[in-house]
1. Could you pull out which residues in region 1-32 have an amide N less than 17 Å from a spot 7 Å beyond the Cα of residue 58, following the Cα-Cβ vector?
2. For the chain, what is the per residue volume of the convex hull drawn over the alpha-carbon atoms, in cubic angstrom?
3. Skipping prolines and chain starts, which residues have an amide H placed within reach, meaning under 5 Å, of the one on residue 41, given they are 5 or more residues away or on another chain?
4. With charges only on Cβ, +1 for K and R and -1 for D and E, what is the dipole size of the chain about its Cα centre, in debye, rounded to 20?
5. In deg cm²/dmol, rounded to 500, what helix-only [θ] at 222 nm does the chain give when every DSSP H run of at least 4 residues adds -39500 (n - 2.57) and the total is split over its residues?
6. Of the accessible area of the chain, with the probe set at 1.4 angstrom, what percent is carbon plus sulfur?
7. Could you give the accessible area per residue of the chain, probe 1.4 Å, as a whole number in Å²?
Amino acid sequence: GAIGGIGQKMAAARESGATLFLAPRGNCDVVRTSTPDGLQVAAVDNVTQALDALAAYRDHKPVVGCDTPA
């Protein structure tokens, strides 16, 4: 489910050097308007999707984001 303070969490992750952020699909409304430059967000509903997103990112393949149908 959605988590609180995701905008701040994304900003802190980016400031710490992160280039990929895993976000619950329930937060896509905030993700679409608050993603810092240089941060790619993978929208996930479960651990399997999170692992798939990490593998895709590692392999330089497209990552499922908030604008990709679930």
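The values are calculated or read from the model by the stated rules, or taken from the named source; none is laboratory data. The model shown is predicted, which means the values in this text are computed figures rather than measured ones. Methodologically, a virtual Cβ is constructed for each residue, glycine included, from the backbone with ideal geometry; neighbour enumeration extends over all protein chains shown. Ligands, DNA and RNA are excluded from the accessible area calculation, which covers all protein heavy atoms including side chains. Shrake-Rupley method; radii C 1.70, N 1.55, O 1.52, S 1.80 Å.
1. What the label zone holds, given the 17 Å backbone N cut-off, is 19-22.
2. Details: hull volume 5.8 nm³, N = 70.
Convex hull of Cα atoms, per residue: 83 Å³.
3. 21
4. On the way: 6 positive and 7 negative charges, 13 e Å.
Dipole magnitude for the chain comes out near 60 debye.
5. On the way: 3 runs with 29 residues, N = 70.
Estimated from H runs of four or more residues: -12000 deg cm²/dmol.
6. On the way: 2370 of 4330 Å².
Using a 1.4 Å probe with all protein chains present, the chain comes out at 55 percent carbon and sulfur.
7. Working: 4330 Å² over 70 residues.
Ligands and nucleic acids excluded, the figure is 62 Å² per residue.
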